[in-house]
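I'd like to ask you about the structure that follows.
Please treat every number below as a calculation from the coordinates, not as lab data. Predicted model only: the values in this text are computed from it and were never measured. Glycine gets a Cβ as well: all are built from the backbone with ideal geometry, and neighbour counts include every protein chain shown.
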Amino acid sequence: MESHFSLLDGGIVGLYLLITMAAGIMVRKYVGKVEHFLVAGREMNLYLGIASLAATEFGIVTCMYAAQNGYDKGFAGATPGILFALAMLFVGLTGFCIKPLRNSGVMTIPELFQKQFGTKVRWLSGVVIVLGGLLNMGVFLRTGGEFLVYVCGLQPGHLEITMTLLLAGVAAYTILGGMLSVLVTDYLQFVVMSIGLIVVTLLILIKVGWGAMVSAVANHYGAGGFNPFVNPSMGWEFVVFNAMLNMACVLTWQTTIARVLAAKDSRTGERMYTATSFFFICRFLIPGIWGIAALAMLSPSVVGGNTLLAMPKLLGSMMPVGLMGLLVAAMLAADMSTDSSYMLTWGGVIYNDILGPFRKGQWSEKRGILWNRMIVALIGIFLLLYGLWYPLKGDLWTYIGVTGTIYLSSMSVLLISCCYWRRANSWGAVAAIACGAVFPVTFLVMQQVPSTQALADHIGPYFSGIATYAIAGIAMVVGSLAKPRGKKPVMGEGDSI
């Protein structure tokens, strides 16, 4: 299918990139402390927080897996977005966990755990968070590169070059300006991304038609295209796993929590969650509509064996000159905000919680910022190499969920226990971390080993995920009760340890 990407489109994209890079680099002079680099000096207001959180949590990878869900599952594919919105609304209205977390004054979640469980648990938590986070992010570059290649009509052989250029641009301003650059560029990217999403969706509705999309879903999937409980590829286990996953993500996903910790106060963090909650339905539904449009318009021979590429193939063929440039600029905006924030937050955990116990004495702010910049650069190199060789098995959203569960399962248990259970201790924390990491990592390995692939397919990612969350919670309770300790005030009473 022929792409309509032209010199005009290239000019639009180039102008956007120039403005974004300049804005991100200009704020580097305000980065004088590690706190500025990692949490923007804790001065983020409500509206900047809403824009930054929305921009960070919608990247090309988000668009791709939501569109794939739409193509493969119909309107029922938006179920994770509904569950995510409900979880975020609940936490925003109640302040559950995020209020005591923000009031504690920490820069990362593992730093909080040190106060309750000790230095070893803080270090171990940091390792698990980085492991799960980097494995989760490992497919971002390849996915973003594939989108740009197929939308712009580039040769598939240009994928590696596209990935490298995408990473280099994001890394440049992230390394220089840290969270300040991320927040400034997120605001610009939120505006461009929102305009692009609305315009492209309206064009699809005009060209394809709502009735045609509803008919396509009904013809291909029947009632299962609208109801996840009767969809043979989903079912109750899909809903339960995603409910657990999304609640844990709202509470402990490092890039989301980074906005809470950068907020002026806990009330700002709560209002940010409440105001952003509905966006997470749009986050799945809008790209899902694009995927459903591909289901209605493209023949299986055009899509090929990889349904992840159905949406970019459709957009590459139907976007007119000018709008194609806006689409690519919007997707680059989404991807740059996501990649920069993810690199920064995982780097912050490495610096603050993994390397922290090994630092001799108090480091100067200048030295701390230098190390943070070096860590972000090394993360970028890892992501490029991992993205080039890892073969994705199954659909993208499931991979994101399974790798995220490596740390979300245990960290959510530790955070809730840390805030509200007096008897939680280091034994329970270590047991929860071990169980939460072992099960999803084992499942990922089984998927890659030929002799165990059939067993992994039989178990399925959803039952594996549900078991992981349940066992992590049980391990915390059993481990803590095995070594009782004296009562301590919990963070829910007074919001500090």
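Among Lys73/Lys207; Lys115/Lys366; Lys366/Lys483; Lys73/Lys99; Lys264/Lys483, which pairs are too far apart, with a Cα-Cα distance over 32 Å?
Details: Lys73/Lys207 22 Å; Lys115/Lys366 26 Å; Lys366/Lys483 42 Å; Lys73/Lys99 37 Å; Lys264/Lys483 38 Å.
Among Lys73/Lys207; Lys115/Lys366; Lys366/Lys483; Lys73/Lys99; Lys264/Lys483, the Cα-Cα distance tops 32 Å for Lys366/Lys483; Lys73/Lys99; Lys264/Lys483.
Next question, about the same structure. What ranking of Phe443, Phe279 emerges when the number of other C-beta atoms within 10 Å of each C-beta is taken as an exposure proxy, fewest first? Provide the component values of the computation, followed by the final result.
Numbers: Phe443 23, Phe279 19.
The order, fewest Cβ neighbours first, is Phe279, Phe443.
Next question, about the same structure. Show me, bin by bin at 5 Å from 0, the whole-percent P(r) of the stretch 286-418 based on Cα pairs.
Cα pair-distance distribution for the stretch 286-418, in percent: 2, 7, 10, 14, 16, 15, 12, 8, 6, 5, 3, 1, 0.
Same structure, new question: Could you work out the pair-distance distribution P(r) of the stretch 7-392 from its alpha-carbon pairs, with 20 angstrom bin width and percents rounded to whole numbers?
Bins of 20 Å from zero give 29, 58, 13, 0 percent of pairs.
Per 0.36 nm of contour for each residue apart, how much would the distance between Ala470 and Leu15 grow if the chain were fully extended, relative to their Cα-Cα spacing?
Values: separation 455, 0.36 × 455 = 163.80 nm, distance 4.93 nm.
Roughly 158.9 nm would be gained on extension.
I'd like the distance separating the alpha-carbon centroids of the stretch 67-120 and the stretch 196-275, in whole Å.
Using only Cα atoms to place each centre, the spacing works out to 14 Å.
Now for a different question. Between Asn227 and Leu385, what is 0.36 nm times their sequence separation minus the Cα-Cα distance? Round to one decimal in nm. Mind dumping the intermediate values first?
Values: separation 158, 0.36 × 158 = 56.88 nm, distance 3.91 nm.
That works out to 53.0 nm of additional length.
Continuing with this model, one more query. Magnitude of the Cβ-charge dipole of the stretch 64-159, K/R +1 and D/E -1, about the Cα centre, nearest 20 debye?
Numbers: 7 positive and 3 negative charges, 87 e Å.
Rounded to the nearest 20 debye, it is 420 debye.
Separate question: In what sequence do Leu245, Leu101, Leu298 fall when counting other Cβ within 10 Å, fewest first? Please report the intermediate quantities before stating the final value.
Values: Leu245 28, Leu101 25, Leu298 18.
Lowest count first: Leu298, Leu101, Leu245.
Follow-up question, since we're still on this one. Compute the semi-axes of the equivalent ellipsoid of the stretch 186-336, taking the square root of 5 times each eigenvalue of the Cα gyration tensor, and list them largest first in whole Å.
On the way: eigenvalues 181, 108, 32 Å².
Equivalent ellipsoid of the stretch 186-336: 30, 23, 13 Å, largest first.
Normalise the Cα radius of gyration of the stretch 41-172 by 2.2 N^0.38 Å (N = residues in it) and let me know the number.
Numbers: Rg = 18.8 Å, N = 132, 2.2 N^0.38 = 14.1 Å.
That works out to 1.33 for the stretch 41-172.
Could you give me the ³J(HN,Hα) list for the stretch 397-407, computed from phi with Karplus coefficients 6.51, -1.76, 1.60 and θ = phi - 60°, whole Hz, x at Gly and Pro?
For the stretch 397-407, the Karplus-derived couplings read 4, 5, 4, 4, x, 5, 5, x, 5, 3, 10 Hz, x marking Gly and Pro.
Please list, in order along the stretch 350-364, the HN-Hα scalar couplings obtained from phi with the Karplus expression 6.51 cos²θ - 1.76 cosθ + 1.60 (θ = phi - 60°), rounded to whole Hz, x for Gly and Pro.
Ordered by residue, 3J(HN,Hα) equals 4, 5, 7, 10, 8, 7, x, x, 9, 6, 8, x, 8, 7, 6 Hz.
Can you put Cys435, Cys63, Cys249 in order of Cβ neighbours within 10 angstrom, beginning with the fewest?
Numbers: Cys435 23, Cys63 29, Cys249 26.
Starting with the residue having the fewest Cβ neighbours, the order is Cys435, Cys249, Cys63.
How big is the gap, in Å, between the Cα center of the stretch 127-149 and the Cα center of the stretch 421-474?
First find each Cα centre; the distance between them is then 20 Å.
Return the FRET efficiency for the residue pair Asn45, Thr94: r is the Cβ-Cβ distance, R0 is 25 Å, and the value is rounded to the nearest 0.05. All intermediate terms of the calculation are to be shown ahead of the outcome.
Values: r = 22 Å, r/R0 = 0.87.
Efficiency computed from Cβ-Cβ geometry: 0.70.
Taking θ as phi - 60°, what are the ³J(HN,Hα) couplings along the stretch 11-18 by the Karplus curve (6.51, -1.76, 1.60), each to the nearest whole Hz, with x for Gly and Pro?
My calculation for the stretch 11-18 gives x, 4, 5, x, 5, 4, 4, 4 Hz in order.
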